[in-house]
Amino acid sequence: VIHTHGYRSDIVGGLAGRKAGLPIVTTVHGFTGGGMKNRALEAIQRRSFRYFDAVAVVSRQQSGQLLGSGVPAARLHIVPNALEAHPSPLARADARRALGLPADALVVGWVGRTSREKGIALFVEAIGVLADPRIHVVVVGDGPERSRAEERARGRAAGHFRATVSVQDGTGYFPALDLF
């Protein structure tokens with residue numbers, strides 16, 4: 001069995017597996033879009049999934065997108081992402097102190113990679129809709145959209161926005177949040 005993940009390995013590995021007569025399987029976590037070259041490669045990738053023996057996706061939305069791209073329904077398998085509990089999360093007070101948050105604040109947070117496909121822009125827009133100075137907002141994570149998201153969030157959450165440096169495992173900070 002050939003198992004691929006990502007447009008380069010899906011295209012190259014898929015062709016190699018097909019040529020070798022081996023079953024080919026891929027796991028799809030999402031599409032990033034971006035520049036024309038990346039969008040073109042992702043279009044080729046989605047088309048190649050029609051010829052895979054199995055395509056695992058992490059959401060119903062992705063399954064629908066791939067059905068729309070011509071991937072046979074029988075080959076699609078939804079395997080949702082899971083959040084594994086951190087083996088030693090910080091205590092609530094310690095997590096808030098580490099993030100520079102008041103102990104008694106109502107905290108809304110984002111934990112994850114700050115990239116377009118993860119929806120960080122939607123999170124920042126939601127901050128603006130809340131427009132409540134009692135709510136403190138924190139982003140735990142890093143990625144290509146971090147600086148843009150921070151800039152926009154500061155404008156929307158005034159003095160109540162906190163950003164963190166990138167951490168190896170942000171799940172230890174979940175106890176600091178009231179809403180994720």
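The values are calculated or read from the model by the stated rules, or taken from the named source; none is laboratory data. Just so it is clear, the model here is predicted, and its values are computed rather than measured. Backbone-built Cβ (ideal geometry, glycine too); neighbour counts: all protein chains shown. Accessible surface is based on the protein model in full, side chains and every heavy atom, while ligands, DNA and RNA are left aside. Shrake-Rupley method; radii C 1.70, N 1.55, O 1.52, S 1.80 Å.
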If the requirement is being at pLDDT 90 or above and at positive phi, which of these qualifies: Gly33, Gly6, Gly21? Gly21
Restricting to segment 94-112, count the residues that are over 17 Å from Asp142 (Cα atoms), assigned to a helix (DSSP H, G or I) and open to solvent by 30 Å² or more (accessible area, probe 1.4 Å). 2
Given (1) free of Cβ contacts under 8 Å to residues at least 12 places away in the same chain; (2) of a type in the set (D, E, K, R); (3) within 30 Å of Pro175 (Cβ to Cβ), index of the condition Lys37 fails: (3)
The one condition Phe123 fails out of (1) farther than 30 Å from Thr26 by Cα; (2) of a type in the set (Phe, Trp, Tyr); (3) modelled with pLDDT of 80 or more is (1)
Counting residues that are open to solvent by 70 Å² or more (accessible area, probe 1.4 Å) and among the hydrophobic types (A, V, I, L, M, F, W, C), which strands (runs of 3 or more DSSP E) fully inside segment 2-91 reach at least 2? none
Among the residues of segment 113-150, which ones are more than 22 Å from Gly33 (Cβ to Cβ), open to solvent by less than 70 Å² (accessible area, probe 1.4 Å) and outside any strand (DSSP E or B)? Ile127, Gly128, Asp132
Within 24 Å of the chain's Cα centre (by Cα) and within 22 Å of Val137 (Cα to Cα) - does that describe any residue in segment 69-83? yes
Identify the residue in segment 161-172 that is open to solvent by 50 Å² or more (accessible area, probe 1.4 Å) and over 16 Å from the mean Cα position of the chain (by Cα) and, among all such residues, is nearest to Pro102 (Cα to Cα). Arg162
Residues in segment 127-137: is at least one under 18 Å from the mean Cα position of the chain (by Cα) and modelled with pLDDT under 75? no
